[in-house]
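A quick write-up on the structure given underneath.
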Amino acid sequence: VQLQASGGGFVQPGGSLRLSCAAPKTIFRNKIMAWYRQAPGMQREWVAFITSVGSANYVDSVKGRFTISRDNDNNILYLQMNNLKPEDTAVYYCNALRAVDKGSWGQGTLVTVSS
């Protein structure tokens, strides 16, 4: 079962985007959910995660700019990205944080930050 991320696009530096991810209930409910990204030529890395009760954590490079949130009623994960930088350019994915909870990786959504 794949997770479907959406909301990516092309934005200039300093711009904003809001990503969404529709997840199957079996993966989402009561799980720590995370956003990941993979830049060209790089390994996939986690960007932010959020527990089922809303406690969030971020990689240092996005702290203060990105906000992760979740809609537990509808099994949707969000990532609000502000003050985007060229180094944020990547394909963004969502999935559970723990390996044992993960579902199949979807295609992700491409975010391109460029002037």
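The values are calculated or read from the model by the stated rules, or taken from the named source; none is laboratory data. Just so it is clear, the structure is predicted and the values come from calculations on it, not from any experiment. Accessible surface is based on the protein model in full, side chains and every heavy atom, while ligands, DNA and RNA are left aside. Shrake-Rupley method; radii C 1.70, N 1.55, O 1.52, S 1.80 Å.
Details
- Couplings 3J(HN,Hα) for segment 87-96, derived from phi with the Karplus relation 6.51 cos²θ - 1.76 cosθ + 1.60 (θ = phi - 60°), are 6, 7, 4, 4, 8, 9, 10, 10, 5, 5 Hz, where x marks Gly and Pro.
- Computed over the chain, the ratio Rg/Rh where both radii use C-alpha atoms and Rh is Kirkwood: 0.94
- Average projection, convex hull of the Cα set of segment 54-115: 5.2 square nanometres.
- Between Q4 and A22, the built amide H atoms are under 5 Å apart, and every one of these is 5 or more places off in sequence or on another chain.
- GNM top mover of S16, S69, S55 - the chain, alpha-carbon springs below 10 Å: S55
- Heavy-atom accessible surface of the chain, averaged per residue, reaches 52 Å², computed with a 1.4 Å probe.
- For F66, the residues 5 or more places off, or on other chains, whose built amide H falls under 5 Å of its own are N82.
- Stokes-Einstein translational diffusion, segment 1-61 - Kirkwood Rh over all Cα pairs, 0.890 mPa s, 25 °C, in µm²/s: 183 µm²/s
- Built amide H within the under 5 Å cut-off of G103, gap 5+: A96
- Choice from R44, R98, R18 showing the highest fluctuation, given a GNM over the chain with Cα pairs closer than 10 Å: R98
- Reachable lysines from K85, criterion Cα separation under 28 angstrom, eight or more residues apart if same chain: K63
- Carbon and sulfur %, accessible surface of the chain computed with the full protein complex present, 1.4 Å: 47 percent
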